[in-house]
Amino acid sequence: MDELYRSYLSFLRSMSRGLESLTDLNEKKLAAAQADDLMGLNDLLNQEQAQALNFRGLELTRDKLLPQLGLEGVPLEQVPRHFPPAMQEEARQAVSELQLRYAAYRQASGKTRRLLEQNLHQVESVIVQMGGPPSGGPGGPGYGKEQESSAPPPSMKTDFRA
């Protein structure tokens, strides 16, 4: 049973490392957005997507461990109480570290989100100043009514006869 608790501690530490990595990415995204480095921002967004896949794997690990440990529905801050006494301090430290990393991530992502939203509003203002989006018909994706047909366009059809 101690092995399951060790696995959960390892999971918590992996989450902390992942959040630390995401925080670093958000700080780099903020710098790229401030420098109007769209290519750099795109690369960072791709890295962020890869991190999201890593978190999906961690989520599967968590979903497997929680029922085995009887921790389903237990809030994170109460998890250390459910550990064996000899491991409670280690669990408290892991939970505390995770909570600190999460707070840092939220702060960094909030700054980045606000700057990106501000930049998008500036782009929208320029579009309006230049005459706005096309009127009176479809001018491109997102400007006109969506097609009623659920069939894909011909360019997306594949001929599987070979």
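The values are calculated or read from the model by the stated rules, or taken from the named source; none is laboratory data. As the structure is a computational prediction, the values presented were derived from the model and not from experiment. No Cβ is skipped: glycine too gets one built from the backbone with ideal geometry, and neighbour counts run over all protein chains shown. Only protein heavy atoms, including side chains, enter the accessible area calculation; ligands, DNA and RNA are left aside. Shrake-Rupley method; radii C 1.70, N 1.55, O 1.52, S 1.80 Å.
When its C-alpha radius of gyration is set against 2.2 N^0.38 Å (N residues), the range 52-106 gives a value of 1.21. Kindly list the residues of the range 23-45 that lie in the label zone of Leu53, defined by a backbone N under 17 Å from the point 7 Å along the Cα-to-C-beta vector. Hits in the range 23-45 for Leu53 at 17 Å: 43-45.
Rolling a 1.4 Å probe across all protein chains gives Val123 an accessible area of roughly 80 Å². Length available on full extension from Val126 to Leu76: 0.36 nm per residue minus the Cα-Cα distance, which gives 13.4 nm.
By accessible area of protein heavy atoms, probe 1.4 Å, what ranking do Glu124, Glu97 get, highest first? Display every interim value, and only then the final one.
On the way: Glu124 105, Glu97 70 Å².
Heavy-atom accessible area, descending, gives Glu124, Glu97.
Of the solvent-accessible surface of the range 45-94, computed with a 1.4 Å probe over protein heavy atoms with every protein chain present, carbon and sulfur atoms account for 50 percent.
Is the shape of the range 1-127 best called rounded, prolate or oblate, per the rule: a/c under 1.5 gives rounded, else a/b larger than b/c gives prolate, else oblate, with a ≥ b ≥ c the square roots of the Cα gyration tensor eigenvalues? Prolate, because a/c is 1.5 or more and a/b exceeds b/c.
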